[in-house]
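What follows is a set of notes on a single structure, which appears directly below.
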Amino acid sequence: MLAKETGKKEIYLMSSPQYRRLHQCRHVMSHFVQTLQNYIVGDVLQPSWELYLKSLGNVTNIDEFYNAHTLYIKNILFR
């Protein structure tokens, strides 16, 4: 793609060690972010959401709803 945008003389740039190192770092950072997102969703949000839904079954007024939601947020922050 870069060769198409900048011309044939820039193909050297794509084969340079710096360019490859840049893409390697990009891949490592992308993998880290993806892994972090998977952890947050799978180990933090999903179990907390299930507990929150169970606690909502017992809610009869706005104060109980507020307390259930506060507990949900505290569970997320704790995990």
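Below is a table of values for the structure above.
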| quantity | calculated |
| --- | --- |
| In region 54-79, the residues that are in a helix (DSSP H, G or I) and open to solvent by 90 Å² or more (accessible area, probe 1.4 Å) | Lys54, Ile62, Asp63, Tyr66, Asn67, Leu71, Lys74, Leu77, Phe78 |
| Among the candidates Leu22, Leu53, residue that is of a type outside the set (Gly, Ala, Ser) and under 18 Å from Arg79 (Cα atoms) | Leu53 |
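The values are calculated or read from the model by the stated rules, or taken from the named source; none is laboratory data. Every value quoted in this text rests on a predicted model; they were computed, and no experiment measured them. Heavy atoms of the whole protein, side chains included, go into the accessibility calculation; ligands, DNA and RNA do not. Shrake-Rupley method; radii C 1.70, N 1.55, O 1.52, S 1.80 Å.
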